[in-house]
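Step one of this worksheet: look at the structure below.
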Amino acid sequence: MSILHTVNKSPFEKNSLDECLTHSTDGCAILLLEDGVYAAMQGTNVESAVKDAMASKKVYALGPDIKLRGLSTDRIIDGIEVVDFAGFVDLSESNDKVQAWL
Amino acid sequence: MKFAIQINEGPYQHQATDTAYHFTKSALEKGHEVSRVFFYHDGVYNSSRITTPPQDDRHIVNRWAELAEAHSLDMVVCVAAAQRRGVVDDGEAERNGKDATNIHPAFRISGLGQLIEAAVEADRLMVFGD
């Protein structure tokens with residue numbers, strides 16, 4: 001049973017990411033989208049939490065939302081995979097369930 | 001694969017209805033089925049046909065309507081959320097004694113049971129919003 005977790009809130013505004021990282025289990029997938037993509041950037045104060053999670057969970061970020069915010073995919077944390085909407089659909093299909101942390 | 005979509009956020013509020021739109025469009029382009037799009041909470045505002053954004057901005061309501069027409073999407077607006085927010089169709093106007101309607105014909109007003117049914121019947125329920 002694999003679950004895709006989606007986080008669409010900035011970690012500097014809401015605790016959605018923290019809740020997601022706390023409750024999600026090893027082997028799951030986490031997609032950062034909308035303001036959630038800020039958590040994918042290097043040098044923030046949630047970087048270590050994201051990196052810790054990446055030891056047992058696969059983290060993705062929605063490319064169009066990185067671009068919309070004027071951020072660069074060159075500055076995301078190593079190991080985070082950037083996907084587009086087609087990739088988002090594929091992740092929703094390949095995982096058994098989708099849980100949105102709103 | 002069969003997807004059901006739930007939208008909890010109004011248009012031009014943040015980004016959820018845009019994300020939901022692009023996800024739905026992408027899923028349809030990939031050959032998946034979208035069995036229902038359910039508009040809940042402030043999401044009901046996505047169905048107002050009198051929405052008039054600036055000309056250089058996306059028209060979120062018409063965009064949904066066009067996608068629905070192209071793919072025969074069932075777009076359902078929660079009745080209780082709609083009543084609270086003044087989103088009205090002919091039936092609701094008559095039932096509640098209102099002098100106007102504002103829902104776009106691409107949408108229909110129905111109950112929460114439609115969300116439950118969609119969630120049960122679809123392979124995945126995708127939730128967008130706050």
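The values are calculated or read from the model by the stated rules, or taken from the named source; none is laboratory data. Treat the numbers as computed from the prediction; the structure is a model and nothing was measured. As a convention, Cβ positions derive from the backbone with ideal geometry for all residues, glycine included, and neighbour counts pool all protein chains shown. Note: areas computed on protein heavy atoms with side chains; ligands, DNA, RNA excluded. Shrake-Rupley method; radii C 1.70, N 1.55, O 1.52, S 1.80 Å.
The table below lists the values:
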read-out	value
Pick from the stretch B:15-37, criterion over 23 Å from residue A:65 (Cβ atoms), open to solvent by less than 80 Å² (accessible area, probe 1.4 Å) and part of a strand (DSSP E or B), ranking: farthest from the other protein chains (Cβ to nearest Cβ)	B:36
Check on residue B:88, buried (at least 17 other Cβ atoms within 10 Å of the Cβ), farther than 30 Å from residue A:97 by Cβ and β-branched (Val, Ile, Thr)	yes
Filter result (within 14 Å of chain A (Cβ to nearest Cβ) and not hydroxyl-bearing (Ser, Thr, Tyr)) within the stretch B:39-50	B:41, B:42, B:43
Wholly enclosed helices (runs of 4 or more DSSP H) of chain A bearing at least 1 residues open to solvent by less than 50 Å² (accessible area, probe 1.4 Å) and within 14 Å of another protein chain (Cβ to nearest Cβ)	A:16-23, A:63-68, A:85-94
Residue selected from the stretch B:1-14 under the condition over 17 Å from residue B:66 (Cα atoms) and open to solvent by 10 Å² or more (accessible area, probe 1.4 Å), by the criterion farthest from the other protein chains (Cβ to nearest Cβ)	B:12
The one condition in (1) free of Cβ contacts under 8 Å to residues at least 60 places away in the same chain; (2) open to solvent by 10 Å² or more (accessible area, probe 1.4 Å); (3) farther than 26 Å from residue B:100 by Cα that residue B:45 fails to fulfil	(3)
Every pair of residues 6+ apart whose Cβ atoms lie under 7 Å, when the first sits in the stretch A:9-21 and is within 20 Å of residue B:19 (Cβ to Cβ) while the second is modelled with pLDDT under 95 and surrounded by fewer than 19 Cβ atoms within 10 Å (Cβ to Cβ)	A:16/A:102
Pair list, Cβ < 6 Å and 6+ apart or interchain, from the stretch B:10-38 residues that are of a type outside the set (Val, Ile, Thr) to residues that are in a loop (DSSP other than H, G, I, E, B)	B:16/B:9; B:16/B:129; B:32/B:1; B:35/B:122; B:36/B:74
